[in-house]
Amino acid sequence: EAGYGLGEASEIDAAKMALVGVGFGGALALLTAGARPGIFSAVVAIDPITEWAIELGESEPAWRNWVSAQYGMPLTHPDRFALRSPATFAAVIDVPVILVATSPAAVHRQAQLELFEAYLDANNVAFEHIDAGDEPLAATLERVSRKLAGIYRVGHDTMEIVEDTRPEAVG
């Protein structure tokens, strides 16, 4: 609903709103793009949770306990987890999808991303994979912002991509 509100604001170009998330936020970004078509123009998920059974089987107890307190467990409440699984809505995402893998992500999170990408391939859902390696999150987000600027620049030759985002460098 925030996306609708932002899109209606006069100072926001609704055609250039992207949704970006990391981890659980990456899963939520994918879910929102699929469940609310027409609001966002791109979605970026960095090390997203895409398979809850794997996530909870390998995660720290505090995270597992929080998720189970909120939603139950995947085997006992499959309906709740289906609504929180990016695969449920992936086939209807109609905007560019960028999936980012980082080296610091847990092995089980990397495995989830590989499985999700295989699912997208099998269902002919286009996506771009970026391997961010072990660069800091800030560098990954800068890389993603440049990628999004490139997407939004198509057909807008007057758009300027700023190389240095420090306040004193932006004119």
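Nothing in this text is a laboratory measurement; each read-out follows from the coordinates by a stated rule. Treat the numbers as computed from the prediction; the structure is a model and nothing was measured. Cβ sites come from the backbone with ideal geometry, for glycine too, and all protein chains shown count toward neighbours.
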Once amide hydrogens are built 1.01 Å from N within the peptide plane, the residues lying 5 or more places from I46 or on another chain with amide H under 5 Å from its amide H are G21, V22, G23, G26, V100
Once phi for every residue in the range 48-65 is put through the Karplus expression 6.51 cos²θ - 1.76 cosθ + 1.60 (θ = phi - 60°), the whole-Hz ³J(HN,Hα) values, with Gly and Pro written as x, are x, 7, 10, 9, 5, 4, 5, 4, 6, x, 10, 7, 5, x, 4, 5, 4, 5
Let me check I've understood the local charge: for A90, count other residues with C-beta under 12 angstrom from its C-beta, Lys and Arg +1, Asp and Glu -1. What total comes out? -3
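Please tell me the relative contact order of the range 1-131 in percent, rounded to the nearest whole number, where contacts are Cα pairs under 8 Å and at least six residues apart.
On the way: 203 pairs, mean separation 34.1, N = 131.
Taking the mean separation of contacting Cα pairs over the length of the range 1-131, I get 26 percent.
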Can you classify the range 1-134 as rounded, prolate or oblate using the Cα gyration tensor, where a ≥ b ≥ c are the square roots of its eigenvalues, rounded means a/c under 1.5, and otherwise it's prolate if a/b beats b/c and oblate if not? prolate
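As a footprinting exposure proxy, order T50, T140 by other Cβ within 10 Å, with the fewest listed first. Write down the numbers at each step before the final one.
On the way: T50 26, T140 20.
Ascending Cβ contact count within 10 Å gives the list T140, T50.
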Fewest-first sequence of V100, V92 by Cβ atoms within 10 Å of each Cβ: V92, V100
Quick check on the exposure proxy: order K16, K147 from fewest to most C-beta atoms within 10 angstrom. K16, K147
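Using a/c under 1.5 as the rounded threshold, could you call the range 44-100 rounded, prolate or oblate? The axes a ≥ b ≥ c are square roots of the C-alpha gyration tensor eigenvalues, and prolate needs a/b larger than b/c, oblate otherwise.
Numbers: a/c = 2.93, a/b = 1.60, b/c = 1.83.
Taking the square roots of the gyration eigenvalues as a ≥ b ≥ c, the range 44-100 is oblate.
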Integer Hz, Karplus 6.51/-1.76/1.60 couplings in order for the range 36-41, x for Gly and Pro: 10, x, x, 8, 9, 9
Between H108 and R153, what is the FRET efficiency for a Förster distance of 35 Å, r being their Cβ-Cβ separation, to the nearest 0.05? 0.45
